[in-house]
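To keep things clear, I will list the structure first and then write my remarks on it.
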Amino acid sequence: MKHRFIVVEGPIGCGKTSLAKLLSARLGASLLLEDAQSNPFLPLFYRDMKRHALSTQLFFLFQRLQQLEGLRQPDLFEKPTVADFALQKDPLFARLTLNDAEFGLYSRIWEHVRPQVPAPDLVIYLQAKTDTLLERVRRRGEPMESTISEEYLRSLSEAYTRYFYEYDESALLVVNSERLNFVDVPDHFDLLVERVKAIRGGREFFNRA
C-alpha cells in the first residue's frame, strides 16, 4: 500500500466508521476509531448545543491528539493505519457550534497543538443527502442522537462540503454514498478498494450510476 495513513471522513450518518472497519480488515491495517461514547459532554451537547459545545469540542480535541500520538513513531507505520476521523478538520465543528468568544479561545489552543497532528496520506470523504443522513441516524437508534435535527445535519453537511472543496493537504477520494452499500454489497466495497489502491494524489471521485 502506498498510503500508510488513510482517513475516512464525513458527517454523522455517512457510514465512515463501518467503512473504516472494512478497510482496515481488508488492508491488514491498524484501526483507529473516534471514541464518542467516552466523551461525557456529548449527550449534554445534543440536548443543549450552545451550553455544552466548548467542553465537548475540547474533550474531543485532546482525546484525538492522544489517539494520534503513536502515529508519529515510525515503528508503528510498519503496517497501514485506517482512522474514522481527521483531526485537521476539527475547527469545522468548532466554527459551527461555538460562539465568537469560545471560538477565539479554541483557536488559540488549536494553533498550539496543530503542529503535533500527523497528516493523512489519503482521505476518503463520504457524501450523502441530509435526509439520508437523518434516516441513517434514526435507524441506528443511539439514544443520545435522538435530538439531532435535520437543520443541524444540513449545516454540518454544508460545512463538510466547503471544507473539502478547498482541501489539498493529501490525496482525496470523494465518494457519493447515496447508492453504495459497502457493508452489505461486496461488489461495491471491492470497487472502492481498487480505487483506494490506485489513487496516487490529487482529487478523484467515486460514484455509482
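Side notes on the structure shown:
- Restricting the range 114-152 to residues that are in contact with a Leu (Cβ under 6 Å, 6 or more places away or on another chain) and assigned to a helix (DSSP H, G or I), the residue that is farthest from F205 (Cα to Cα) is E150.
- Among the residues of the range 1-20, just one is within 20 Å of Q66 (Cα to Cα) and of a type in the set (K, R), namely R4.
- Residues that are modelled with pLDDT under 95 and in contact with a Pro (Cβ under 9 Å, 6 or more places away or on another chain), drawn from the range 7-31: L27, G28, A29, S30
- Qualifying residue in the range 102-114 (condition: hydroxyl-bearing (S, T, Y), surrounded by 12 or more Cβ atoms within 10 Å (Cβ to Cβ) and at negative phi): yes
- Any hit, the range 131-153, residues being at positive phi and surrounded by fewer than 19 Cβ atoms within 10 Å (Cβ to Cβ): yes
- Residue within the range 71-93 that is more than 21 Å from L23 (Cβ to Cβ) and of a type in the set (S, T, N, Q) present: yes
- Answer from A128, A101 - the residue that is among the small types (G, A, S) and touching a Lys or Arg at 6+ places or on another chain (Cβ under 9 Å): A128
- Residue match in the range 78-94 (condition: within 15 Å of the chain's Cα centre (by Cα) and polar (S, T, N, Q)): yes
- Extreme residue, surrounded by the most Cβ atoms within 10 Å (Cβ to Cβ), among residues of the range 154-183 that are of a type in the set (F, W, Y) and within 13 Å of P11 (Cα to Cα): Y160
- Selection status of L173, part of a strand (DSSP E or B) and either acidic (D, E) or free of Cβ contacts under 8 Å to residues at least 60 places away in the same chain (or both): yes
- Condition check for I109 on (1) β-branched (V, I, T); (2) over 15 Å from the mean Cα position of the chain (by Cα); (3) at pLDDT below 95: one failure, at (3).
The values are calculated or read from the model by the stated rules, or taken from the named source; none is laboratory data. None of these values were measured; they are calculated from a predicted model. Quick reminder, even Gly has a Cβ in these numbers, built from the backbone with ideal geometry, and neighbours come from all protein chains shown.
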